[in-house]
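Trainee: Have a look at this one before I ask anything.
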Amino acid sequence: AVCELDYLLGANGQYLQPDGAVSEGPAYFGFAAEAAVAFLHTYERLGLEGHEHRRDCVNRQRVDPWQDHGCVPGEPFTFSGMLARPLFQSAFDWSVAIRLPSGQRPPLADARLTTPGHAALLTAHGAPPHFLWDWDQNEHDPRKMDAPIVPLSLLMLDDARAPIEPPYRNRFFEAGGNAVLRSGWDPDARWLLLVAEHGAARRTLHDHVDGTSFTLAAYGDYLLIDTGYYKPLGLDNARTAHAPSHNVILIDGEGAPDKGLLNDWGDADAFLEHATDGDALAWVEAGQRYRDTTIIRGVVFGRRRYFVVTDRHANEQAYAL
């Protein structure tokens, strides 16, 4: 377990992107982090930090982009300080950054609307006080106390600091492929999430063919939704995994290549570009290429009130003609 956490939550695990975005989305990250935070807290309280372990490389992949894992079976290593590591805490900050005005996490990839609370437990390890605010200010499940937030775990909270709103509004996670624009942190805020994932952030078992898709909430309502996770057949992908279930551009009725099973990723890389922040005007673009067409979807956020979405298409076959 320690070998796996050292790898997955480290800089080379491809699970956490350099900007903190998590490759499999907020719901599965929340599901995994509940167990990981409880384990890491127990590991620390038992005085095991700094104990020498031997690497077990059984769960390592040899396909792109995980082939450069560098794991050597039996190699000694020590493991400590994960709860306070900046990269680990940045993943929880990403989860806070993309939250809906209601406090729930959006149904990105294989996800339903969820309300995680475990980020608050990191405040005893130097995490910012807006992790406490996120736990406290939630319309659907404030101060959620499911595992691992049980009364004993409250010892991990740093209640010496008052919960305050995050010090940012708009965030652009270019490595992770998520851009969020918001007017503020109140329940009636205007909010938009634009998706443009590439590389390890896209190639996950839980990913959807949703490059350049966007969702919108405003004035207490979730207005333009993502279809989320609907999987009636356990041995197949979610029925909602493919392009027609998302508001992406279809060309002759087709989007990017359908997602296959396991590491048959399908889809196509998408990229966030030209992100510009500001109160009067914020702008970001998502670009993707499929069906011999380059698609650029731009979003402008004016006066923290209006969203304008523009699509530009360049068909290479048309240019050839």
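The values are calculated or read from the model by the stated rules, or taken from the named source; none is laboratory data. Here the structure is a predicted model, which is why all the values come from computation and not from measurement. In this analysis, Cβ positions are derived from the backbone assuming ideal geometry, glycine residues included, and neighbour counts consider all displayed protein chains. We work out accessible area using only protein heavy atoms, side chains counted, and drop any ligands, DNA or RNA first. Shrake-Rupley method; radii C 1.70, N 1.55, O 1.52, S 1.80 Å.
Trainee: Sort out for me the Cα centre separation of the stretch 40-107 from the stretch 122-145, rounded to whole Å.
Mentor: 21 Å
Trainee: Let me ask you something else. When you count, for each residue, the other Cβ atoms within 10 Å and take the mean per peptide, how do 281-290, 229-238 rank with the highest first?
Mentor: 281-290, 229-238
Trainee: Relative contact order of the stretch 44-85: what whole-number percent is it, with Cα pairs under 8 angstrom and at least 6 residues apart?
Mentor: 50 percent
Trainee: Shifting gears a bit: State the extension gain, in nm to one decimal, for the chain segment bounded by ARG305 and ARG239, taking 0.36 nm per residue of separation less the distance between their alpha-carbons.
Mentor: Between ARG305 and ARG239, full extension yields 20.3 nm more.
Trainee: Find the percent of Cα-Cα distances in the chain that exceed 39 Å, and round it to a whole number.
Mentor: Every Cα pair in the chain considered, those over 39 Å come to 14 percent.
Trainee: Determine the sum of side-chain charges near PRO128: Lys and Arg each +1, Asp and Glu each -1, restricted to other residues whose C-beta is under 13 angstrom from that of PRO128.
Mentor: Spelling it out: positives minus negatives among the neighbours equals -3.
Trainee: Could you order ARG60, ARG45, ARG291, ARG105 by accessible surface area, starting with the largest, using a probe radius of 1.4 Å?
Mentor: Descending order: ARG45, ARG291, ARG60, ARG105.
Trainee: Quantify, in whole percent, the carbon and sulfur part of the accessible surface of the chain (1.4 Å probe; protein heavy atoms only).
Mentor: It is 54 percent, rounded to a whole number.
Trainee: Let me ask something additional. Around HIS274, with a cut-off of 13 angstrom between Cβ atoms, what is the net charge of the other residues, counting Lys and Arg +1 and Asp and Glu -1?
Mentor: -2
Trainee: Now, a different point. So what's the projected area for the stretch 58-208, the Cα convex hull averaged over all directions, in nm²?
Mentor: Here the figure is 10.8 nm², rounded to one decimal.
Trainee: Something else about it: For the residue pair GLU75 and ASP186, what label-to-label distance in nm results when each label sits 7 Å from Cα along the Cα-to-beta-carbon direction?
Mentor: According to this spin-label approximation, the distance is 5.3 nm.
Trainee: Round to the nearest 10 and give me the degree value, 0 to 90, for the angle of helix 86-97's Cα axis relative to the longest principal axis of the chain.
Mentor: Around 50 degrees separate the two axes.
Trainee: If you build a Gaussian network model of the chain, linking Cα atoms that sit under 10 Å apart, which residue out of ILE295, ILE164, ILE251 swings the most?
Mentor: Highest fluctuation among the options: ILE251.
Trainee: Then there's this: Under a plain spin-label model, where a point goes 7 Å from the Cα along Cα-to-Cβ, how far apart in nm are ASP68 and ALA32?
Mentor: In this crude label model, ASP68 to ALA32 measures out at 2.0 nm.
Trainee: Multiply the residue gap between ARG85 and ILE225 by 0.36 nm, knock off their C-alpha separation, and tell me the result in nm, one decimal place.
Mentor: 47.0 nm
Trainee: Do the sum for the chain: with -39,500 (n - 2.57) for every DSSP H run of n ≥ 4, divided by all residues, what is the mean residue ellipticity at 222 nm, to the nearest 500 deg cm²/dmol?
Mentor: Computed ellipticity for the chain at 222 nm equals -5000 deg cm²/dmol.
Trainee: Please give the net charge around LYS259, taking every other residue with its beta carbon less than 13 angstrom from that of LYS259, where Lys and Arg add +1 and Asp and Glu add -1.
Mentor: Local net charge: -4.
Trainee: Can you tell me the alpha carbon radius of gyration of the stretch 1-124 divided by the globular rule-of-thumb value 2.2 N^0.38 Å?
Mentor: Rg over 2.2 N^0.38 Å, computed on Cα atoms: 1.10.
Trainee: Could you compute the FRET efficiency for ALA162 and GLU52, with r as their C-beta to C-beta distance and R0 at 41 Å, rounded to 0.05?
Mentor: After rounding, the FRET efficiency stands at 0.50.
Trainee: Taking a probe of 1.4 Å, how large is the accessible area per residue of the chain, in Å²?
Mentor: Accessible surface, normalised per residue, equals 46 Å².
Trainee: In the chain, which cysteines lack any other cysteine Cβ under 4.7 Å from their own?
Mentor: So, CYS3.
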